[in-house]
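Just so it is clear, none of the values below were taken in a lab; they were calculated from the coordinates. All values reported here derive from a predicted model rather than from experimental measurement. With ideal geometry, Cβ positions are generated from the backbone for all residues, glycine too; neighbour counts draw on all protein chains shown.
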There are 2 protein chains.
Amino acid sequence: MSDDLMTTIRPLVEKAFPFVERMGLRLDHIEPGRVRMTCPLEPNTNHIGTMYAGALFTLAEIPGGALFLSTFDAATYYPIVKGMEIKFVKLASTDISVEVSISPEEVARVSAEADANGKADFEWDCELTDAEGNVVCVTTNRYQLRRHGS
Amino acid sequence: MSDDLMTTIRPLVEKAFPFVERMGLRLDHIEPGRVRMTCPLEPNTNHIGTMYAGALFTLAEIPGGALFLSTFDAATYYPIVKGMEIKFVKLASTDISVEVSISPEEVARVSAEADANGKADFEWDCELTDAEGNVVCVTTNRYQLRRHGS
């Protein structure tokens, strides 16, 4: 299952559009409810050689799409990003990784609410970590699941 | 004064590093305490042809550097970005612009606090608007001014 997901979803998230493709974001692992991605330091450095804030934002945001594709029925639902709160806590001087997950219970809750109301808000916290495991950035991501045709 | 600022600061913000240069961000206007920038829709579209969230984040973040350079003494102080709260309120389907400003009173407060303590937090709200003047995104940007050598 995970191998199939990797094959089908990797091009959708790594090559989805030029902005992301230029960053060289990599999908490391994907399964229903869980995704791990990495952003290479090059070519995403800022004027002092650490990873630029906009690249860190993108690394925190893109896994939402991958997680949606591995977890929800894309023929029935689609997600929108409503917002994010992001805090930079340490300079990012290596490749940076993120892992996000959503529980089966939360998937069931969000799906049921979208079925009933046409839309449902959900969110998750995520941590971006460097090659030594240090947290460089923490975010709270806010999404909405919408039911097609609602 | 503004013409000189535009000449000296434009390359610093438009070509500062590849991530931003690839987006084609433009510095439209700069004066002490005020800056206006625009992000072209192409090449920053997402999979549905609107401006990608990461490009909107960057358009909200980069003016902080430009405003610092036009307003503070870079030989005495440097800024860091501590975080941002960003809300996406409307699809961004044209070039997107932002204008940010800081009052002389706030510049005096932040400078005095950095002189006394070595650092001082400050923040501002900003709105990103499309070609018709619609607000597509609102943010609260949190920065810290630090005094060199403190």
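Starting from the Kirkwood radius over alpha-carbon pairs of the stretch A:92-150, derive D by Stokes-Einstein at 4 °C in a medium of 1.567 mPa s and give it in µm² s⁻¹. Please report the intermediate quantities before stating the final value.
Details: Rh = 13.2 Å.
Using the Kirkwood radius from Cα pairs, D works out to 98 µm²/s.
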homo-copy label distances at B:G149 (7 angstrom along Cα-Cβ), nm, one dp, ascending, are 7.1
For A:T76, placing the label point 7 angstrom along Cα-to-beta-carbon and taking the stretch A:87-117, residues whose amide nitrogen sits under 16 Å are A:104-117
Hydrodynamic radius by Kirkwood for the protein assembly as shown, inverse mean 1/r across distinct Cα pairs, in Å, is 20.1 Å
The pairs in B:K90/B:K119; A:K15/A:K87; A:K90/B:K15; A:K90/B:K90; A:K119/B:K87 lying past 29 Å Cα-Cα in this model are B:K90/B:K119; A:K90/B:K90
If each part is reduced to its alpha-carbon centroid, the stretch A:43-88 and the stretch B:88-150 end up apart, in Å, by 22 Å
Length gained, B:A116-B:E99, 0.36 nm per residue minus C-alpha separation, equals 3.1 nm
Computed from the beta carbon distance with a Förster radius of 45 Å, FRET efficiency for B:V138 and A:M6 to the nearest 0.05 stands at 0.80
Toy charge model, Lys and Arg Cβ at +1, Asp and Glu Cβ at -1: the protein assembly as shown dipole around Cα centroid in debye, rounded to 20, equals 120 debye
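From the square roots a ≥ b ≥ c of the eigenvalues of the alpha-carbon gyration tensor of the stretch B:2-147, which class results: rounded (a/c under 1.5), prolate (a/b over b/c), or oblate?
Values: a/c = 2.08, a/b = 1.65, b/c = 1.26.
Prolate is the answer for the stretch B:2-147, as a/c is 1.5 or above and a/b outweighs b/c.
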Expressed in nanometres to one decimal, the distance between label points 7 Å along Cα→Cβ at A:A108 and A:E127 is 2.8 nm
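For Cα pairs less than 8 Å apart in space and 6+ apart in sequence, what is the mean separation divided by the residue count of the stretch A:2-150, i.e. the relative contact order in percent?
Details: 283 pairs, mean separation 35.8, N = 149.
This gives 24 percent for the stretch A:2-150.
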Per-residue ellipticity at 222 nm attributable to helices in the protein assembly as shown (runs of n ≥ 4 DSSP H, -39500 (n - 2.57) apiece, nearest 500 deg cm²/dmol) works out to -10000 deg cm²/dmol
